[in-house]
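Structure, as structure tokens:
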Amino acid sequence: MQSRRDVIRTGAGVAGTGLLTALAGCSEIPVVGSYFGFDYTEWVYDPDGLDSDSVTAFLMNVEAILETDEVENKGDLREEATNNYSGELVADDIEYVLNVGRSEILTGSFDGEEVVDGMGFAAEGSHGDFDLYTDDEEENAVIGTDGDVLVKTSGNGFSDVDAREEIEHLIDTASGDVDRFVDVNDDFDQVQSEVDTDHYVYVSGQTESATEDAADDTVVTTAITAEIDGAETNGTYLLLYASEDGVDLEQAESDVESDLSEEATLGDVSQDGRLVTAEFTVPTEEF
């Protein structure tokens, strides 16, 4: 079971390309309600369905970031957003990038079939509305498209679930054929309901069975968000503890502040029951 400090460290370490490297001084890296342009919760599956006890989601609004004059390293962003696909895909045609588990979902104005055609993947049937493709040179990787959305799942050595099984489960989740995490996990639902931006959002949650014996001071669900507002980027840490009795607000403030870079400024840190919210700002040029 992860401690409060471990979860904060983990969240900062995987929550954003460039942004949280500046915010948290962490390593380099390779989720929004329906009231925004893209509802990430429709894609976040119940990890129980894949015999896992946790799931993470990371959303990046590529379109909004590229349209912001104060973002300086747009070339890096364009490269990172497209380096897993063919030359038919350009970053300016991408609206959102969403990572869920080992999968990446892209939306935008591109033609998914044209992108896949340029990648040399072989057709491997279909699932739901998505045509699926594999590549012998990229072991345990599957890509799918319904024409408008691209979904790519890559396997790794840390899971018994193969890429085909995961991508099919992801498609079933988006179509509503299997449980979405937001519908079966109150902790995840509580935290994601506090998200009020779709520029950068990272959310990580654990199943109820994984947290039923957690110590009071365990963070069971966490989120980190950031929204660009001209020259300033406004961010929020959301930390949901196993019990209100386990919240040490001064310690939480200290932990979050130590994760922020020198350029970031910690603002209000508040508690509402089990939930701790910490606000911060950072110059947008620090992307």
Filter result (more than 29 Å from TYR237 (Cα to Cα) and β-branched (Val, Ile, Thr)) within segment 140-191: VAL142, ILE143, THR145, VAL149, VAL161, ILE167, ILE171, VAL178
On the given criteria, is ALA174 surrounded by fewer than 20 Cβ atoms within 10 Å (Cβ to Cβ), touching an Asp or Glu at 6+ places or on another chain (Cβ under 8 Å) and among the aliphatic types (A, V, I, L, M)? no
Given the condition open to solvent by 20 Å² or more (accessible area, probe 1.4 Å) and assigned to a helix (DSSP H, G or I), answer yes or no: does some residue in segment 125-136 qualify? no
Go through (1) open to solvent by 10 Å² or more (accessible area, probe 1.4 Å); (2) farther than 21 Å from ALA215 by Cα for GLY273 and report which single condition fails. (2)
Filter segment 257-287 down to residues that are part of a helix (DSSP H, G or I) and more than 26 Å from GLU72 (Cα to Cα), then give me how many there are. 0
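The values are calculated or read from the model by the stated rules, or taken from the named source; none is laboratory data. Predicted model only: the values in this text are computed from it and were never measured. Backbone-built Cβ (ideal geometry, glycine too); neighbour counts: all protein chains shown. Surface accessibility is based on the protein's heavy atoms, side chains included, excluding ligands, DNA and RNA. Shrake-Rupley method; radii C 1.70, N 1.55, O 1.52, S 1.80 Å.
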